[in-house]
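Just so you know, all these numbers are worked out from the coordinates, no wet-lab data involved. From a predicted model like this one, the values you see are computed outputs, not experimental measurements. Neighbour counts run over all protein chains shown; Cβ positions are idealised from the backbone, glycine included.
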């Protein structure tokens, strides 16, 4: 017989590997509400869910891999998918090779990223997102940007002015347009790493004139008084038409937004919350699908569902309340007990026989079986089983 | 630390409550709150949003790879990451590299060292030490070292010479990416004034 101490040793650790965690019923219920809302919002704009596989082929990088990867028993290097956009791009380039029209795909699924130990960062991230493939131009950009705002709003996160930042890789790169391609590549790499100071000093070294440098510095610093590019404002203005006439300004142009992911080519955006940081990010990636086949214009976003959950919680959010659960104590007549429970369920009320300790925040009502047709509520009268569902509407 | 304090003083922040080496590590500065921390912790504080802004050396950012926004090169605290080897032992090291196929490199900065040698396609074994890497070749712990030097006098005193410079470093003003966007109203003026302060240097 194994004692409890055996669970503490290395072979049988009690917790999951670092960066992974158990999601217990209370949180799972809350996440379920968020996921259901997002699935509805995506479907309302014509996006249809798909499920890429958990494993993709890995790659040998010169840099430290951000993927969790290992050899399978065939000897192939495989990786837990580090993001879904790349999986969708691969899938579209292969399976939809001969369908040139527009695809609207959505997903709610976990992704996995290697993180250094003791950095307090999760290695499993739950993403909900959409990819619009074949859509091009300002209207497609605006539709996806508006859909991100709507997704957050419908989940209960108020989208204030600074919450959604909108940038453009094309325009940010254009700030350094007078430099040679090689220098511009290095500058973009620095910007992806968040090194604005380094990018500007590289531009100075490459011989960028002072007035251009000054303009680039101001544009990258963003903030008030910076005149945003007309193309970017057009996308934001169009996206705001989702709530026409409303004074609500929720998109801010910001050319300094250059995400770390290298595949973006056009408009990029990020939803940021004051307490939890980045909640969602996305953008246009017109060349990524080309890495797997024929290039196709594409734009999408992914919401970090756990971050969204934390952001909602910071605002004292409560999930939609659930129907209460009737905990039914059996009578000595077990046959009558089964029939009674079935009758109650038939009347629209949730029933569990006996007790349950993990209630995940769900309210419960206690009652005892009287006979097939009647129960005695613990804090109330004898009630008819068939009509209980009507009496306890949430 | 003193350079950082004079920069903050120069842009009009009240740093009178900060005493270097003192026990108070969270200090009220009027419109801002100062947090005093070890350099490598500053990157962590800012990355995780415990502080909105930080002043920290590029050397720390290179080693920690913290995800922060680097806003201003403040210019002070200049130093360099270098590869150093015992003076006159270069030929012996290269012979040994040809013979054994690898070199041992002692360093306090394993990430910087590993990235550098991988980029140069030189096979090395990194030996992480917590302090005084410069003694490693003397005592036979490693062939070479990767270290941070300001003047190079410590290297000379230990009979070491610079083989190659990896990167130069100065103090940077860094921001938490989310704070930089969301608290731009408050952060913006500090960044602008520090940039103006650093520009002529």
All Cα pairs of the range A:120-249, percent lying beyond 19 Å: 60 percent
Neighbour-count order for B:117, A:392, A:70, fewest beta carbons within 10 angstrom listed first: A:70, A:392, B:117
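Taking the Cβ of each residue in A:124, A:270 as the centre, tally the other Cβ atoms inside 10 Å and list the residues starting with the fewest.
If I rank by nearby Cβ atoms, fewest first, I get A:124, A:270.
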Note: B:185-195 gets an average of partner chain Cβ contacts (10 Å, Cβ to Cβ) equal to 2
What percent antiparallel are the DSSP beta bridges of the range B:41-173, to the nearest 5? 70 percent
Taking Cα atoms only, helix A:305-314 is inclined relative to the longest principal axis of chain A by an angle, in degrees rounded to 10, of 80 degrees
Across peptide A:188-198, what mean number of C-beta atoms from other chains lies inside 10 Å of a residue's C-beta? 5
Cα-based convex hull volume of the range B:57-201 per residue, rounded to whole Å³: 117 Å³
Cα long-axis angle, helix A:137-155 against chain A (0 to 90 degrees, to the nearest 10): 30 degrees
Please compute the length gained on full extension between residue A:360 and residue A:76, using 0.36 nm multiplied by the number of residues separating them and subtracting their Cα-Cα distance. 98.1 nm
Compute the FRET efficiency between residue B:14 and residue B:150 as 1/(1 + (r/R0)^6), taking r as their Cβ-Cβ distance and R0 = 30 Å, and round to the nearest 0.05. 0.50
Treating the range B:1-85 as a set of equal point scatterers at the Cα positions, no solvent, please give the Debye-formula log₁₀ I(q)/I(0) at q = 0.11, 0.17, 0.20 Å⁻¹. -0.33, -0.76, -1.03
Arrange the peptides B:150-160, B:21-31, B:87-97 so that the one whose residues have, on average, the most other Cβ atoms within 10 Å appears first. B:150-160, B:87-97, B:21-31
Across the Cα atoms of the range A:98-147, what radius of gyration and what greatest pairwise Cα-Cα distance (Dmax) are found, in Å? 15.9, 47
Residues residue B:163 and residue A:29, FRET efficiency given R0 of 51 Å [Cβ-Cβ distance, rounded to 0.05]: 0.25
Along Cα→Cβ, 7 Å out, is where each label goes; now give me the distance between the ones at residue B:38 and residue B:132 in nm to one decimal. 1.8 nm
Note on the range A:236-380, DSSP bridge orientation, antiparallel percent to nearest 5 equals 60 percent
Could you please tell me the mean projected area of the C-alpha convex hull for the protein assembly as shown, averaged over all directions and given in square nanometres to one decimal? 38.9 nm²
Where N is the number of residues in the range B:1-142, Cα Rg divided by 2.2 N^0.38 Å: 1.35
Viscosity 1.002 mPa s, temperature 20 °C: give me the Stokes-Einstein translational D for the range A:293-394 in µm²/s, with Rh taken as the Kirkwood radius over C-alpha pairs. 131 µm²/s
Chain A: angle of helix A:210-221 to the longest principal axis, Cα-based, in degrees nearest 10: 0 degrees
Mind giving me the FRET efficiency for residue A:275 and residue A:36? R0 is 25 Å, r the Cβ-Cβ distance, nearest 0.05 is fine. 0.55
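Taking the DSSP beta bridges in the protein assembly as shown as the whole, what percent of them are antiparallel, to the nearest 5?
The answer is about 75 percent antiparallel.
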